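Working notes for the structure below.
The values are calculated or read from the model by the stated rules, or taken from the named source; none is laboratory data. Nothing here was measured: the structure is a model prediction, and the numbers come from that model. Backbone-built Cβ (ideal geometry, glycine too); neighbour counts: all protein chains shown. In case anyone asks, the SASA skips ligands and DNA or RNA and just uses the protein heavy atoms, side chains included. Shrake-Rupley method; radii C 1.70, N 1.55, O 1.52, S 1.80 Å.
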Amino acid sequence: MTAAQETTPSTSGPSAWARRPANLATAVTAELVERIVRGVHPPGTPLPPEPALCGAFSVSRTVVREAVKILQEKGLVQVRQGSGTIVTPPSTWDMLDELVLAATIAEDDSLAILDDLVVTRRVLESDMANVAARLADQETIDRLRALVDRMDELVDDHVTYHEHDRAFHDVIMQASGNRIARGVVRALESQVVNTARYMGRTERALCVASNRGHRRIYERIAAHDPDGAAQAMFTHITEAWLVRRNGPDTARLVR
């Protein structure tokens, strides 16, 4: 019998959910991640003891123990003999973890975590553009040109435009052959690509400006200019994020 299938205590108080989820340990973990990131349980303080968590979520001790084990794997808590389960500082959290990253982004009003994400993207994608400019064959160059030309036609349809935008970047990442860097970028982007805080404004003028950046990247890769491709990618990612992050005044500055 799995933890999710267990019979839970009948006298443990009201459940944390109006409708109980199928996988209880996963659901408890997700809720505790959010509480830790929000500061309900600050770093250096213990989580509530097992009986209290069982009561709060109407689950068994087995479910709570499984959830705590997952929190340990994510770097959010440390189990100390005699001290209980202690919440760890953010410096130890696994920021590539889906739940941790999503909760951190949701709670970060300063957008600092998204700034860090963009810097990480910029470093990795600039390097991959450099390599792609050295390795790209004619088929890759033709695909990039076709995507840039198509995006010029899609500037009034921001949803489809951004689908092609992501495809353009992915072609370059694949051409670099760096599967780890590509995997990191794709994992990070998957957490934010549908969020308004990351995507920002979507009007036509911004798509037009964005695709000018894409065309410069394409031209440098087609010319087999590694340094030029890296710089074009660096500039494109920087400017696109500043416009999305800071609004119309920045848009005027980076045109």
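Can you name the helices of the chain, as whole DSSP H runs, whose Cα span along the helix axis is 24 Å or more and whose Kyte-Doolittle mean is not below -1.0? Please report the intermediate quantities before stating the final value.
On the way: long enough: 112-135 (34 Å, 0.55); 158-176 (27 Å, -0.68); 204-222 (27 Å, -0.54); 226-246 (30 Å, -0.29).
Span-like helices in the chain: 112-135, 158-176, 204-222, 226-246.
Give the residue from 141, 124, 42 lying farthest towards the positive end of the charge dipole for the stretch 16-154; charges sit on Cβ (+1 for Lys and Arg, -1 for Asp and Glu) and the dipole is referred to the Cα centre.
42
In a Debye calculation with equal point scatterers on the alpha-carbon sites of the stretch 131-255 and no solvent, what is log10 I(q)/I(0) at q = 0.13, 0.16, 0.19, 0.23 Å⁻¹?
Listed by q, the Debye log ratios stand at -0.51, -0.78, -1.11, -1.51.
Using the basic label-point model (7 angstrom from Cα toward the beta carbon), what is the residue 219 to residue 170 distance in nanometres?
Roughly 2.7 nm, to one decimal.
What percent does the relative contact order of the stretch 97-227 come to when contacts are Cα pairs within less than 8 Å and at least six residues apart?
On the way: 106 pairs, mean separation 52.9, N = 131.
That works out to 40 percent.
Per DSSP H run of n ≥ 4, the term is -39500 (n - 2.57); total these for the chain, divide by its residue number, and report the mean residue ellipticity at 222 nm rounded to 500 deg cm²/dmol. List each step's numbers first, then the result.
Working: 12 runs with 170 residues, N = 255.
Calculated mean residue ellipticity at 222 nm is -21500 deg cm²/dmol.
Rounded to two decimal places and with Rh computed the Kirkwood way over Cα pairs, what is Rg over Rh for the stretch 23-94? Can you show the working numbers first?
Working: Rg = 11.0 Å, Rh = 11.9 Å.
Computed over Cα atoms, the ratio is 0.92.
Counting only residues 5 or more places away or on other chains, whose amide H sits under 5 Å from the amide H of residue 77 once H atoms are built in the peptide plane?
72, 88
Using only the Cα atoms of the stretch 80-174, what do you get for the radius of gyration and for Dmax, in Å?
19.5, 65
Which order do 50, 66 take when ranked by solvent-accessible area (1.4 Å probe, heavy atoms of all protein chains), largest first? Write down the numbers at each step before the final one.
Working: 50 50, 66 75 Å².
Sorted descending by solvent-accessible area, the residues read 66, 50.
Which value, in nm² and rounded to one decimal, describes the direction-averaged projected area of the C-alpha convex hull of the stretch 188-248? Could the numbers behind the result be given before it?
Details: hull surface 18.2 nm².
So the mean shadow area of the Cα hull is 4.6 nm².
Just need the relative contact order of the stretch 59-114 here, percent rounded to a whole number, with Cα pairs under 8 Å and 6+ apart.
21 percent
Which length gain, in nm to one decimal place, applies between residue 189 and residue 91 when the Cα-Cα distance is subtracted from 0.36 nm times their residue separation?
On the way: separation 98, 0.36 × 98 = 35.28 nm, distance 2.12 nm.
That works out to 33.2 nm of additional length.
Distance from the Cα centre of the stretch 197-223 to that of the stretch 41-111, in angstrom?
Between the Cα centre of the stretch 197-223 and that of the stretch 41-111, the gap is 40 Å.
With contacts defined as alpha carbon pairs under 8 Å and 6 or more residues apart, what's the relative contact order of the chain in percent?
Working: 313 pairs, mean separation 45.6, N = 255.
Reported as a whole number, the value is 18 percent.
If you build the Cα gyration tensor of the chain and take the root of 5 times each eigenvalue, what three semi-axes come out, in whole angstrom, biggest first? Present the calculation step by step, with values, prior to reporting the outcome.
Working: eigenvalues 394, 68, 58 Å².
Over the Cα atoms of the chain, the ellipsoid semi-axes are 44, 18, 17 Å.
Accessible area per residue, 1.4 Å probe, Å², for the chain: what's the number?
Heavy-atom accessible area per residue stands at 52 Å².
Once you put a point 7 Å from the Cα of residue 123 and another 7 Å from the Cα of residue 79, both along the Cβ direction, what distance in nm separates them?
The two pseudo-label positions are separated by 3.4 nm.
For an R0 of 35 angstrom, estimate the FRET efficiency from the Cβ-Cβ distance between residue 23 and residue 115 and round to the nearest 0.05.
Values: r = 34 Å, r/R0 = 0.96.
After rounding, the FRET efficiency stands at 0.55.
When only DSSP loop residues count, what trypsin sites (Lys or Arg not before Pro) in the stretch 90-154 have their Cβ near at most 11 other Cβ atoms within 10 Å?
none
Over the residues of the stretch 133-204, compute the C-alpha Rg and express it relative to 2.2 N^0.38 Å.
On the way: Rg = 13.4 Å, N = 72, 2.2 N^0.38 = 11.2 Å.
Cα-based Rg divided by the globular estimate yields 1.20.
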